[in-house]
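Down below is the structure, laid out as structure tokens.
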Amino acid sequence: MKKKLYSISDLTSILNLHPKTILRFIHEGKIKARKIGRSWMVTENDLELYCHGELTNKPLPQSSLSSDSIEDRITVSAVVEIVEQDSEDASRISNSLMAMLNSEISLNGKPRFNFFYYPEIQKAKYVFYGTPRFIGRILESFDVLCSSKGDFDE
């Protein structure tokens with residue numbers, strides 16, 4: 001029996017959501033997905049689970065803070081802005097960061113990443129959320145980028 005798989009573009013039309021929203025839902029665990037090659041794929045069963053979960057108003061599970069470790073309760077955020085004349089260069093950096101994030105999800109909990117480009121002011125903004133370790137690694141990556149390119153002022 002063949003399983004039906006849906007790509008991000010399929011889900012965009014089915015759920016009437018933006019592709020970045022679908023990716024965010026995947027990274028947050030709202031939609032279960034598997035990475036096949038470079039693409040995220042969602043099974044028909046996982047899509048039904050997401051849709052049925054959205055339709056039910058089940059109460060959120062109550063978690064006691066005392067049983068969670070401090071490591072599980074801390075989320076750190078960081079915003080990195082780069083003056084970038086070309087949106088293609090900003091997108092290239094974004095794609096590299098997304099690849100890094102996807103390759104280390106199991107090591108870093110459930111990190112999130114948002115990318116914005118403002119052509120009117122020629123600025124790219126990268127927003128990260130995750131564990132202190134993940135944010136530290138991201139900032140180290142930008143530090144390496146600065147020292148290797150020498151394009152950024154400190």
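The values are calculated or read from the model by the stated rules, or taken from the named source; none is laboratory data. Given the structure is predicted, the values throughout are model-derived calculations rather than measurements. In this analysis, Cβ positions are derived from the backbone assuming ideal geometry, glycine residues included, and neighbour counts consider all displayed protein chains.
Here are some notes:
- Residue pairs meeting the criteria (Cβ under 8 Å; at least 6 apart or on separate chains; first more than 21 Å from residue 116 (Cβ to Cβ), in region 128-154; second hydroxyl-bearing (Ser, Thr, Tyr) and at pLDDT 80 or above): 131/75
- Among residues of region 22-35, those that are without any contact (Cβ under 8 Å) to a residue 24 or more places away in the chain and surrounded by fewer than 16 Cβ atoms within 10 Å (Cβ to Cβ), counted: 3
- Scanning region 8-31 for residues that are in contact with a helix residue (DSSP H, G or I) (Cβ under 6 Å, 6 or more places away or on another chain) and either among the basic types (Lys, Arg) or part of a helix (DSSP H, G or I) (or both) yields 8, 11, 12, 19, 22.
- Residue in region 34-53 that is nearest to residue 8 (Cα to Cα), counting only those that are of a type in the set (A, V, I, L, M) and not in a strand (DSSP E or B): 47
- Residue ID - modelled with the lowest pLDDT, chosen from residues in region 93-144 that are part of a loop (DSSP other than H, G, I, E, B) and acidic (Asp, Glu): 104
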